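These notes are about the structure you will find just below.
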Amino acid sequence: MNSFLRDGKGMLLAYDQGFEHGPSADFNDQNIDPAYIMDIAQKGDFTGVVFHKGIAEKYYNGKVPLIVKLNGKTSLPKGEPVSTIVCSVEEAISLGAKGVGYTIYLGSANESVMLEEFGQVEEEAHEEGLPAIAWIYPRGEAVKNDTAPEIVAYAARAGLEMGADAVKIKYTGATDSFRWAVKAAGLSKVFMSGGPKAPTDETFLAQVKGAMDAGATGLAVGRNVWQHAEPLKMTASLRDIIFRGSNLENKSQG
Amino acid sequence: MNSFLRDGKGMLLAYDQGFEHGPSADFNDQNIDPAYIMDIAQKGDFTGVVFHKGIAEKYYNGKVPLIVKLNGKTSLPKGEPVSTIVCSVEEAISLGAKGVGYTIYLGSANESVMLEEFGQVEEEAHEEGLPAIAWIYPRGEAVKNDTAPEIVAYAARAGLEMGADAVKIKYTGATDSFRWAVKAAGLSKVFMSGGPKAPTDETFLAQVKGAMDAGATGLAVGRNVWQHAEPLKMTASLRDIIFRGSNLENKSQG
Amino acid sequence: MNSFLRDGKGMLLAYDQGFEHGPSADFNDQNIDPAYIMDIAQKGDFTGVVFHKGIAEKYYNGKVPLIVKLNGKTSLPKGEPVSTIVCSVEEAISLGAKGVGYTIYLGSANESVMLEEFGQVEEEAHEEGLPAIAWIYPRGEAVKNDTAPEIVAYAARAGLEMGADAVKIKYTGATDSFRWAVKAAGLSKVFMSGGPKAPTDETFLAQVKGAMDAGATGLAVGRNVWQHAEPLKMTASLRDIIFRGSNLENKSQG
Amino acid sequence: MNSFLRDGKGMLLAYDQGFEHGPSADFNDQNIDPAYIMDIAQKGDFTGVVFHKGIAEKYYNGKVPLIVKLNGKTSLPKGEPVSTIVCSVEEAISLGAKGVGYTIYLGSANESVMLEEFGQVEEEAHEEGLPAIAWIYPRGEAVKNDTAPEIVAYAARAGLEMGADAVKIKYTGATDSFRWAVKAAGLSKVFMSGGPKAPTDETFLAQVKGAMDAGATGLAVGRNVWQHAEPLKMTASLRDIIFRGSNLENKSQG
Amino acid sequence: MNSFLRDGKGMLLAYDQGFEHGPSADFNDQNIDPAYIMDIAQKGDFTGVVFHKGIAEKYYNGKVPLIVKLNGKTSLPKGEPVSTIVCSVEEAISLGAKGVGYTIYLGSANESVMLEEFGQVEEEAHEEGLPAIAWIYPRGEAVKNDTAPEIVAYAARAGLEMGADAVKIKYTGATDSFRWAVKAAGLSKVFMSGGPKAPTDETFLAQVKGAMDAGATGLAVGRNVWQHAEPLKMTASLRDIIFRGSNLENKSQG
């Protein structure tokens, strides 16, 4: 996982929303262009950028370490979620990936499909010397609240048990409860999932600070950066929190 | 994708309707004969022709670049649509294909089956140096209106993210909304899907002009050409719009 | 397909009913014995005989070209029909097959399973230099009338599009409507499916004549021959119609 | 199949009930021990013994030809039966098998799963020079009476058509109706399935005599031998009927 | 199985609950850390430790023989249980495993999925010289009481028949009924499953004593050790019972 860390911390720019949510849900005329995101990743000094294979093939410029998401689905189908492999580890590597990502909808009636595939992805990635990063999102009929502390901790732990080098999980809303999730992840690195654009910068930065204080390794962020009017300014604030452990109050004063 | 472009634009003649819709739905005594279509493709200076493997094997004459459709279904079964591989990339190549096509019913409860297969098709085609073209049709219980701008844009984007070199999508009905879909497709080429025979030539030509004005690379057309009383005359009109950017009004006056 | 044709016409003796319908539905003490059928095939000068692999292995004598049916099901299960591979192309060849057959229940909710398998069968058979023959029977909830002209034509066309060298389809009941099916099949050869024993010889012979007049290549017949009290006499009548284009009226007079 | 025949007849000792029915359903303190059964097989001069792979691996002593059952299920799940491969042909051979067995629940909604697997088993076994024996049990919603003559004959015939060297089927209850099943099986050998312990020895021996008189090759018996107070005495009676064609009346007098 | 036995007896420390039940269900700040469990395994002289691959990769120190659990699921999904492969035999070996474990939910509507996978696991493990250990838990709609003697015996027997070198089964509650399960397992070793933390030490130790008296080979224990305030003291008591056959009364007095 060291390829994606700086001083043991990481800040990943994620851009799979065009596939997972659809362009009209999340994009404007500017951020619909993957080149815009590649540019932010580079200028914002991100330690990694996350693309699906099609974006990687046509837009990746090699300036920031690449994670290719190996599975995907659209937001259109109803019912229990399932997301299956659309890109092999081998193809990801051929596109320049230094790591691979895979989403597991824990608790879905189709959970076993994704656990089995991730098991294979992890084995193949490790054989190739690449980290396997698990996006673990509890979802489906059986999951009432996907940010409940015990659910987030379960997601973190499932990642550790499955051999994920890092897990991307949602924030629980409080440092203390997120600390339990970080403990559950053990030696797997924890990346907080940025989620939808927060109402104010302060709200989001406080969440990131909370996660870092709880022991997270870093952040995987998308909309809160590239939907921001000043993405590089937001990124600078994030860097301060993640890599320099800045106190949020200082931040908002500074 | 250059094999199927002339001056960066493309005009594909599609003829998979005998499988997808049935011969009695779309054919008459003339156009039921694949040789008739092969002839139009050649005389009409199409930049590509699209056949299923059986037609390709028995009727393809090598005069126009060939795209073989790799999956297919009939229109008979009810329920959530699924279309699976009936021809391998390898077999398509042995039939003379310079590109492969695959249909994804986005939003179907079986979406994951097709996303996974297309992912493999794309990888194998690219290894062989062939473009992979995605016919992306949102369909199924979850899709209320398959020409709604945000749905068409989603189709376009899913193609880009999946690594399609080109996407074939339906027209949204207006240049402005189709421009958003073209933007969503990014560096994937956009081909407007011809659809059923339009009530008048003008209606159809206006759609094509609208798509080209929105930035489309071209058109994949079937019924509006080979159901036409004068297919080569219609083709000439299409060529003017696609390759010479003719103004439609001039066209209908000329 | 030439292995199974004489002067461009073909007459196949089919004997898969023990598996597909059960012995008690179709057999008597005589025709339950596959050796009896092998004998008729040889003495009746059939251009091909159709067996499942078990019959081929134990009873085939090499005197008539062999088609091995690669998939099968019993008539017992209810619900949407599905018939999957029970014999590989390779095994069929090892049993002496010069062609392979595969049944597709078009319109079944399981249609995609059979389309995909037939696609593989066709590819493998053609690599080995064998024709692939599709038994195409529209069936399932979505199919109201499996001899409706547009349904039979759809079956024929699906065979052509899938790369079948020949299709076995039901008779529509009239020459004119069957001619449309033959046109839909294009360069795929059309074999009329014999079906259950007709009430009189004349009825059956009239159907065969109708199919041949419509352009069929031949007939795949079972029960109307081997349930017949005088199978070789019936076969002689069929030969006259199929290979010599005899007029039926002459026949019944003669 | 000759490995399991003596003078063209066979007597197999089956012992898969611990898996298929559970130990508490069929076993006592003595016959729960596979060594007890191995001993009966040897002392009783059986022409074959049938074990699942685990029993074969730990208890088979090489003194009687071995058939390994390749698929299995417990009696616990409700719904349409399905039994899938738990032992490969290759593994069976490594355990000393001279033949392989596979159960097909004909008529089950899952029938196609088992037909396809048996098709592969048969091919692989024959490549290795081993006979493939089909346990064919019509079962599921669609099967009202699994010993009805036409159903038993269907089972027999399906085995022949699928390439089984021998079929194990239930007794129909009468010689005449079982004779039809034997005819349906053609050159596939018919083994009567012993079934649950009969109320009296005479009842069971009469069934076996009936089956042999109908042309069966032999018997696959389990509970009627190893649940018997004197298994070797019962076995001696069976041997007389199967190999010496003893008249049952002589038997019960003698 | 000898790698995991001492004087023919075994005591395994199981730690897959973080995956199977979730960290919040079973862990506290101490035992959430796999290093704590690895330490207990070593200091407590366990004959084996059971981890999922992720824990094995990051925490296994080589001091106690390792069993890697090859399949897994979370407790979140409702409906008939299914647990599929997440780690190959090959990967387990690369992590240092000397044995592999696999859970079968006997009686589940998905039973066949797990029986088939375990069949493959057993074959591959034995080829590599490793024992295959089956966790057999009857579960699902069809199973009313998973500790009923006949159900536990069925679990044991299924393991033997499937080729398991050892089975892990629940205690029936009494020595006599558990003895029947041990008999059913035959030459497969029986490990009692520890289950949830017992109300008192005496309760649990009495169960273990009961199982050992019934002929069990040993115990696979988790929560009753690592949720214990003094895990090494509890372990010492278990060792006395398992390896020295201590009488429980002596134990509680001593």
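Considering every residue within region D:112-134, establish whether at least one is acidic (D, E) and closer than 28 Å to D:K78 by Cβ. Yes, region D:112-134 has at least one match.
From the list C:V167, C:V143, the lone residue that is under 21 Å from C:T84 (Cβ atoms), over 17 Å from the mean Cα position of the chain (by Cα) and among the aliphatic types (A, V, I, L, M) is C:V143.
Does B:G159 satisfy being modelled with pLDDT under 95, of a type outside the set (A, V, I, L, M) and under 16 Å from the mean Cα position of the chain (by Cα)? Against the criterion (modelled with pLDDT under 95, of a type outside the set (A, V, I, L, M) and under 16 Å from the mean Cα position of the chain (by Cα)), B:G159 does not qualify. So, in region A:152-166, exactly how many residues are hydrophobic (A, V, I, L, M, F, W, C) and under 16 Å from A:E117 (Cα atoms)? Residues meeting the conditions: 4. When region A:138-152 is filtered for residues that are among the acidic types (D, E) and open to solvent by 50 Å² or more (accessible area, probe 1.4 Å), the ones remaining, listed by number, are A:E141, A:E150.
Within region C:212-225, residues that are free of Cβ contacts under 8 Å to residues at least 60 places away in the same chain sit with their Cβ atoms under 8 Å from residues that are of a type in the set (S, T, Y), at 6+ positions apart or across chains, in these pairs: C:D213/C:T175; C:A214/C:T175.
The requirement of being at the interface with another protein chain (Cβ under 10 Å from one of its Cβ atoms), on the phi > 0 side of the Ramachandran plot and not charged (D, E, K, R) is fulfilled somewhere in region E:105-121, by at least one residue.
Determine, yes or no, whether B:A97 is among the small types (G, A, S), touching a residue at least 12 places away in the same chain (Cβ under 8 Å) and within 18 Å of A:F19 (Cα to Cα). No.
For region C:28-65, the candidate set comprises residues that are free of Cβ contacts under 8 Å to residues at least 40 places away in the same chain and buried (at least 24 other Cβ atoms within 10 Å of the Cβ); within that set, the residue that is nearest to D:G159 (Cα to Cα) is C:G54. Within region C:70-79, can one find any residue that is more than 7 Å from chain D (Cβ to nearest Cβ), more than 16 Å from C:A14 (Cα to Cα), open to solvent by 30 Å² or more (accessible area, probe 1.4 Å) and in contact with a Gly (Cβ under 9 Å, 6 or more places away or on another chain)? Checking region C:70-79: at least one residue is more than 7 Å from chain D (Cβ to nearest Cβ), more than 16 Å from C:A14 (Cα to Cα), open to solvent by 30 Å² or more (accessible area, probe 1.4 Å) and in contact with a Gly (Cβ under 9 Å, 6 or more places away or on another chain). Within region A:85-102, restricting attention to residues that are surrounded by fewer than 22 Cβ atoms within 10 Å (Cβ to Cβ) and touching a strand residue (DSSP E or B) at 6+ places or on another chain (Cβ under 9 Å), the residue that is nearest to the other protein chains (Cβ to nearest Cβ) is A:I85.
Checked against the criteria, C:Y154 does not count as among the aromatic types (F, W, Y), within 19 Å of C:A211 (Cα to Cα) and part of a loop (DSSP other than H, G, I, E, B).
Take A:Y60 and tell me if it is over 20 Å from A:M1 (Cβ atoms) and either in contact with a Gly (Cβ under 7 Å, 6 or more places away or on another chain) or within 14 Å of chain B (Cβ to nearest Cβ) (or both). Criteria not met by A:Y60.
Summed over region B:7-27, residues that are at negative phi, surrounded by 22 or more Cβ atoms within 10 Å (Cβ to Cβ) and part of a loop (DSSP other than H, G, I, E, B) total 2. Of all residues in region B:219-254, those satisfying the criterion of being open to solvent by 10 Å² or more (accessible area, probe 1.4 Å), outside any loop (DSSP other than H, G, I, E, B) and modelled with pLDDT of 95 or more are B:R223, B:P231, B:L232, B:K233, B:A236, B:S237, B:R239, B:D240, B:F243. On the stretch given as region D:167-218, residues that are part of a helix (DSSP H, G or I), open to solvent by less than 20 Å² (accessible area, probe 1.4 Å) and of a type in the set (A, V, I, L, M, F, W, C) total 8.
Residue count for region A:140-165 satisfying the condition of being closer than 19 Å to E:A35 by Cβ and more than 9 Å from every other protein chain (Cβ to nearest Cβ): 1.
The values are calculated or read from the model by the stated rules, or taken from the named source; none is laboratory data. Source: prediction; values computed, not measured. Ideal geometry is used to build each Cβ from the backbone, glycine not excepted, and the neighbour counts take in all protein chains shown. Protein only, heavy atoms only, side chains kept; ligands, DNA and RNA dropped before computing areas. Shrake-Rupley method; radii C 1.70, N 1.55, O 1.52, S 1.80 Å.
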